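Every read-out reported here was derived from the displayed coordinates using simple, explicitly stated rules and does not represent laboratory data. Owing to the predicted nature of the structure, the values given are computational and were not obtained by experimental measurement. Methodologically, a virtual Cβ is constructed for each residue, glycine included, from the backbone with ideal geometry; neighbour enumeration extends over all protein chains shown.
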Amino acid sequence: MIPAQFDYVRPTTVEEALQALRDGGDDAKLLAGGQSLLPVLRLRMADPSLIIDLGGIPELRGVREDGNEVVVGAMTSHHDVTRDDILRQHVALIQEATKTVADPQVRHRGTLGGALAHADPAGDLAAPALALEAKFVIAGANGTRTVAAADFFEDYFATAIGEGELLTEIRFPKYTGWGARYEKFNRVAQAWSIVAVAATIKVDGGTISDARIGLTNMAGTPVRATAVESALVGQSATEDNVRKAAQAAAEGTSPTADADAGTDYREHLARVLTGRAVLAAAG
Amino acid sequence: MTTTENPTDAPVKEIGRDRRRKEDRRLITGRTQWTDNKALTGLLHIAIVRSPFAHATIKGIDTSAAKQLPGIVAVYTAADIGADQVQLPCAWPVTKDMRSPQRPALAGSRVNFAGEGVAVVVARSAAIAKDAAELVEVDYDELEPVLDMEEALKDGATLVHPDLGTNSNAQWVFDSGEAGSGGNATEAISKAESDDDQIVVRRRFRQQRLVPVFMEPRSTVVDPTGEQLVMWSSTQVPHILKTMLALTLGLPEHKLRVIAPDVGGGFGGKIAVAPEEVVTLLVSQKLGKPVKWTETRSESLLTAHHGRDQIQDLTMSVTKDGTITGLDVKLLADMGAYLGLVGPGVPILGAFMFNAIYKIPAYRFDCTNVFTTKTLTDAYRGAGRPEATFGIERLMDEAALELGMEPMEFRKKNWIKHDEFPFTTVSTLTYDTGNYEAATDQAMQMFDYDGLRKEQAERRKRGDVKQLGIGISTFTEMCGLAPSRVLGSLDYGAGGWETAAIRMLPTGKVEVVVGVSPHGQGHETAFSQIVADQLGVGFDDVEILHGDTQSSYRGLDTYGSRSLAVGGIAVVKAAEKVIEKAKPIAAHMLEASEGDLEFAAGKFSVKGTDKGVGIQDIALAVFAAHDYPEGIEPDIDAHATFDPENFSFPHGTHLCAVEVDTETGFVSMYKYVCVDDVGNVINPLIVEGQVHGGLAQGIAQALYEEAAYDDQGTLLSGTLVDYTLPSAADLISFDTANTTTASTTNPLGVKGVGEAGTIASTPAVVNSVLDAIRHLGVKDIDMPTTPYRVWSAIQNSSGTSGRADEANVASPGAGLGSTARDMPEGGNL
């Protein structure tokens, strides 16, 4: 498993990284935690001429509060996300989903920003980010711009990050006091999701007052289960109510068929797992 | 000479101690001698150019661009190094008329499976070799792939090897009526069909194709610069490899030395004379320089041999009160594109195991081996016996179901009772010892069988989403390969003996040279324990040497759970010879007659006195050789060869409980109990480790693993993303225990354990999955019983599901874009 030759730089600031991207042009690739890029390079499915390692840029790491938002640096590792008290209190869903990513070794190397920028439809962090209505801060030659989650994921492995740009921060609104559950369905513990459901639910006095639900691997991008969300709001959080609402989970999805699941099975899983995720989050 | 003050102060017995493995520190830390760690001055590296097509003619190969790359030494097609003229060996012609295609080291004019090598690049680094391999342009004309065994046998089918005139490799038949070991199964079954007191149960089971997935990828280094050509290789079979290289390539055997240094697992997957080993050798000879080949994981999954892959059509006749009257077994076994070293014999081993632990009066086994354009199949942990055990243990459940009998009761009614041993089976083997009742009783109790049945009934009554299923496998197997005469009667190309030599060093330390070749089993520890007890020396005074044909010049290597039951006995025999040779010298030193000496705890003592001399002191005395009896050599080293008189027959009762999520189809392990009788145990810790690892692999066949091909003959599970190996996170803690009936066919009373867990567990798991959801109309599910298949079987009116229902593509997501080549590369990571 030997990658093709490439040049390697390790900038120490975002500005240097952007300069390296401009210098490298089309053939430059950003390296975050490397948990997807390195296998792709080793299998020679990609052969960039320049690798820009973002591991040496301290400003890209860490979690902080900024008013009504929690800001996570793109290079914050999955492990750090799972351990962070601010996230636990205000954005529990991203933490719950991150706990299910692969294994401890991967979670120590892999990063939130890297996973989101990779935009694997079977990856576990895009659907929670969409459900949480995260904002993506993207730096480029002309400064930074902010893209809403709904506009960030464009297709299989494709995002709003343009040429010469890099993702620096993910900004989550606070969901303090909301319940959260990431219901992941895969064949073995380390495998990617066949389908997964990210749900965060606000319950006031036994009644669901707000709901955010995102689906993993039900299309080329994460999908928001808006029909389920609106069906839930105002309902008491009973099993019957939740399961009834979850019947709408596959609406607006376009899942693929592969050896692990047919389209009908994925749609079925989306309904079942949505019910379970919402019940657990509301519990 | 010493006299001992306390001759009764015997050391603690080593056999039976749960010694931590002495080899693990270096193996686990990797600070040791893996083949790929080998660095030689001027070492060159090769990469193999491989066919992306399953079946194609090669119209031309353009190596010019590859040759331009700086650091490239040479690029060779098959003809350039004679690799197309090689006939890689198959040592097991199962029938006189077996059809054997030529298997070249590199394809010359035609490729017959995706991944077959067509050219080799030689470079100054492995990275350059890999870069250059991508620049070799091969012009192919695609041919129709041959993928389905039943289609392949039809008239007019596309032929994998047109010169053979058929895709059938061989047909091997055993009929107990003809052999005189039982009745005629065809007659028994046809009689049962018209008998109101009998039923006939027919089932078709599929053994999916698996990949052994050893941890250390294969690697070979060849150094041609000395008088002997030296090959280091990650192999299970250095001795067989050496002899076969000599025979295959016409090299003088005494000019060859093969070394298997530390080898990181094999599971049968490294029983081979691999084309890459031969190519490495040919390139090194051509250039006169040392050359290394190390495969990537993808290459390993694609080209190292696969295992299993059978279609089983089974028919059993049984009286309505539950007595089996006949068994007919019809198999199709997928050989892949070529014959491996023992490939055609693997399904034939099953012939002796379909009758399992049961008294079956009439039995017929009929196996046809079939060529397809897939990677070849050969030995994989259990080799033929897991397939047979799965078939019979699934069929026992199905028959019990049709009879309305409790599945364990049906087994009990038909198995060999403990007081019937030794028992000669319908397939002509003689089981020396066993006690199926004892193992089963203990397992049922540990499992709380009745309690779980009750829980199952309650969940069913409540209509729980998670239903409980209970599965049984009461297995035996034949291992300790093998009595040489039996192998001869099966037309196998070698014997089944094993050797050991003991060298008593001047300082009293002991070197033991063995012919078996460990690759993770813990031989160094277990054999040291045996020698320590036999010679009465310290465990740490013993070193086990193996895997180098220069020191270990005679041996038949490690497979078929033979290392202890055959190789370990050779060690015992060699130790007995050491003591025998030391006796006259001891007598001389003690000024006593040999008849007055007794040997215990490492010392010869004169009976009735306190005079004695230790074996380690005798080693020093013969080294000095200043004073020893006339007429004998001053040497107590010894060499022994042991040829077993019989196989060993471990057995056990495995009980599995699973929870099946009826909404999603997900199967989770709930409880697993196994009680195995592996005879006397040398090291309980190693035995438990073997059982645990074996269970993991057997459970993986039931639930997780499959080497699947698409309709073009491309391997879909070409990475470990798609070939879903379970990890500890997917399994549960196993409850293991042992009952013991000592084998009577060897002096240690041991039986093999290396394959037991794998052989036994697969049917227990599948039986439990079906048991959980049969009430929902489910009849059968192909392995692996993935969530999709379980859910589909619940949905389908047929009550069945398998590969045929599935899209033949890998997931477009899953991190790497998997094997789907047309996916975009991904965003900025």
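For this structure, a couple of remarks:
- The stretch B:127-230: GluC sites (Glu not before Pro) in DSSP loop, at most 10 other beta carbons within 10 Å: B:E227
- Exceeding the 21 Å Cα-Cα cut-off - candidates B:K22/B:K292; B:K417/B:K751; A:K29/A:K184; A:K174/A:K244: B:K22/B:K292; A:K29/A:K184; A:K174/A:K244
- Between the stretch B:662-686 and the stretch B:223-266, the Cα center-to-center distance that results, in Å: 38 Å
- Along its principal axes, the stretch A:7-53 has C-alpha extents of 30, 20, 12 angstrom, given from the largest down.
- Normalised size of the stretch A:67-173, defined as Cα radius of gyration per 2.2 N^0.38 Å with N residues, equals 0.99.
- Range of Cα positions in the stretch B:123-243 per principal axis (Å), largest first: 76, 40, 30
- Rounded to 5, the percent of DSSP beta bridges in chain B classed as antiparallel: 80 percent
- Three principal axis lengths of chain B [C-alpha, angstrom, descending]: 87, 75, 57
- Of the trypsin sites (Lys or Arg not before Pro) found in the stretch B:266-365, those in coil by DSSP whose Cβ has at most 16 other Cβ atoms within 10 Å are B:K320.
- Across B:K38/B:K289; B:K255/B:K289; B:K509/B:K603; B:K13/B:K581, pairs whose alpha-carbon gap is larger than 20 Å: B:K13/B:K581
- Compactness index (Cα Rg / 2.2 N^0.38 Å), the stretch A:185-282: 1.05
- Positive dipole terminus of the stretch A:67-173, leading residue within A:F153, A:V137, A:H78 (C-beta point charges): A:H78
- Within the same chain, lysines fewer than 8 places from B:K59 are excluded, and of the rest, none has a Cα less than 16 Å from its Cα.
- Whole-percent pair-distance distribution, where bins are 10 Å wide, for the alpha carbons of the protein assembly as shown: 2, 10, 17, 20, 20, 16, 10, 4, 1, 0, 0
- Restricting the stretch B:101-210 to trypsin sites (Lys or Arg not before Pro) in coil, as DSSP defines it, with at most 11 other Cβ within 10 Å: B:K154
- Ordering B:G307, B:G108, B:G515 by Cα displacement along the dipole of chain B toward the positive end leaves B:G108 in first place; charges were set at the Cβ atoms of Lys, Arg (+1) and Asp, Glu (-1).
- Our Cα-only numbers for the stretch B:633-742 put the radius of gyration and Dmax at 20.5, 77 Å.
- The stretch B:562-640 and the stretch B:386-416 have Cα centres spaced 53 Å apart.
- From its DSSP helices (H runs of at least four residues, each -39,500 (n - 2.57)), chain B gives a residue-normalised ellipticity at 222 nm of -8000 deg cm²/dmol.
- Ranked list, fewest to most other Cβ atoms within 10 Å of each Cβ, for B:I502, A:I138, A:I2: A:I2, A:I138, B:I502
- Taking the alpha carbon gyration tensor of the stretch B:491-625, multiplying each eigenvalue by 5 and rooting it gives semi-axes of 31, 14, 13 Å, largest first.
- Global dimensions of chain A from alpha-carbon coordinates: Rg and Dmax equal 18.8, 60 Å.
- Lysines with Cα under 28 Å of B:K454, excluding same-chain neighbours fewer than 8 positions away: B:K320, B:K412, B:K413, B:K466, B:K671, B:K779
- Under 17 Å from B:K67, Cα to Cα: aspartates and glutamates that are on another chain or at least 8 residues apart: B:D80, B:D131, B:E134, B:E137
- Rounded if a/c under 1.5, otherwise prolate or oblate - the stretch B:304-431, Cα gyration tensor axes: prolate
- Estimated purely from DSSP H runs of n ≥ 4, each contributing -39500 (n - 2.57), the mean residue ellipticity at 222 nm for chain A is -9000 deg cm²/dmol once divided by its residues.
- About the Cα centre, charge dipole magnitude for the stretch A:185-282 (Lys/Arg +1, Asp/Glu -1 at Cβ), debye: 120 debye
- Peptide-level mean, for A:157-166, of C-beta atoms on other protein chains within 10 Å: 2
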